[in-house]
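The next block holds one structure in the form of structure tokens; read it before the comments.
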Amino acid sequence: DAGVIQSPRHEVTEMGQEVTLRCKPISGHDYLFWYRQTMMRGLELLIYFNNNVPIDDSGMPEDRFSAKMPNASFSTLKIQPSEPRDSAVYFCASSFHDRGHEKLFFGSGTQLSVL
Amino acid sequence: KNQVEQSPQSLIILEGKNCTLQCNYTVSPFSNLRWYKQDTGRGPVSLTIMTFSENTKSNGRYTATLDADTKQSSLHITASQLSDSASYICVVSSDRGSTLGRLYFGRGTQLTVWP
């Protein structure tokens with residue numbers, strides 16, 4: 001398996017523009033997570049899905065952020081409008097339920113820079 | 001407040017030497033503790049997962065220990081190699097059901113191995 005695939009690897013945009021990050025989880029995994037990583041705050045959970053259904057979106061910073069998972073093999077994280085403070089590395093991760101021993105498999109991340 | 005604190009923040013060692021990274025947590029209730037390795041520009045990769053009843057677990061040259069009474073964990077790296085240069089992140093889960101929705105991340109220890 002190719003692992004969790006994220007695109008794009010790098011995104012540079014101007015403040016106010018819409019940004020869409022994409023993720024393909026590992027086939028067979030029933031959990032999908034979106035994380036944000038910054039130097040100041042480390043890794044933060046934004047939202048996670050189980051069987052394509054959003055379970056907890058309490059980490060989403062504000063209404064400018066939205067995430068969808070239309071099927072088991074694809075998810076998007078959208079920021080509209082983007083702001084400079086959204087600059088960070090965004091990771092997608094997937095896992096399958098294993099009663100306390102689930103391993104998280106991370107993608108390589110999307111480096112987002114909002115100018 | 002559920003927190004995970006790691007020390008030191010950064011560490012430089014010479015190739016071939018051993019080192020120990022520390023993790024203290026206040027997460028409650030406790031389910032399991034994980035150590036991840038994150039290479040520059042990549043997503044974190046799982047090294048070990050330990051539950052309440054486990055006090056040590058090895059993965060090659062990596063050995064993690066857990067003292068659930070004092071809420072401390074350590075990651076010992078033996079005979080370090082240049083490829084060990086990375087950030088090491090301690091993660092604690094507090095949800096006994098589906099554990100991945102309640103993960104608390106440390107800020108990581110940045111390890112640099114010099115030749």
Select, from A:Gln37, A:Gln6, the only residue that is surrounded by 14 or more Cβ atoms within 10 Å (Cβ to Cβ), touching a Cys at 6+ places or on another chain (Cβ under 6 Å) and among the polar types (S, T, N, Q). A:Gln6
For region A:18-114, list the strands (runs of 3 or more DSSP E) that sit wholly inside it and hold at least 2 residues that are hydroxyl-bearing (Ser, Thr, Tyr) and either in contact with a Leu (Cβ under 9 Å, 6 or more places away or on another chain) or at the interface with another protein chain (Cβ under 10 Å from one of its Cβ atoms) (or both); which are they? A:31-38, A:74-79, A:88-95
Hey, any hits in region B:45-56 for a residue that's closer than 18 Å to B:Val113 by Cβ and free of Cβ contacts under 8 Å to residues at least 60 places away in the same chain? yes
Scan region B:32-77 for residues that are among the hydroxyl-bearing types (Ser, Thr, Tyr) and over 15 Å from the mean Cα position of the chain (by Cα) and report the count. 3
Here are A:Asp63, A:Asp56: which of them is over 12 Å from the mean Cα position of the chain (by Cα), at pLDDT below 95 and surrounded by 15 or more Cβ atoms within 10 Å (Cβ to Cβ)? A:Asp56
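The values are calculated or read from the model by the stated rules, or taken from the named source; none is laboratory data. Since the model is a prediction, treat every value here as computed from it, not as a measurement. Backbone-built Cβ (ideal geometry, glycine too); neighbour counts: all protein chains shown.
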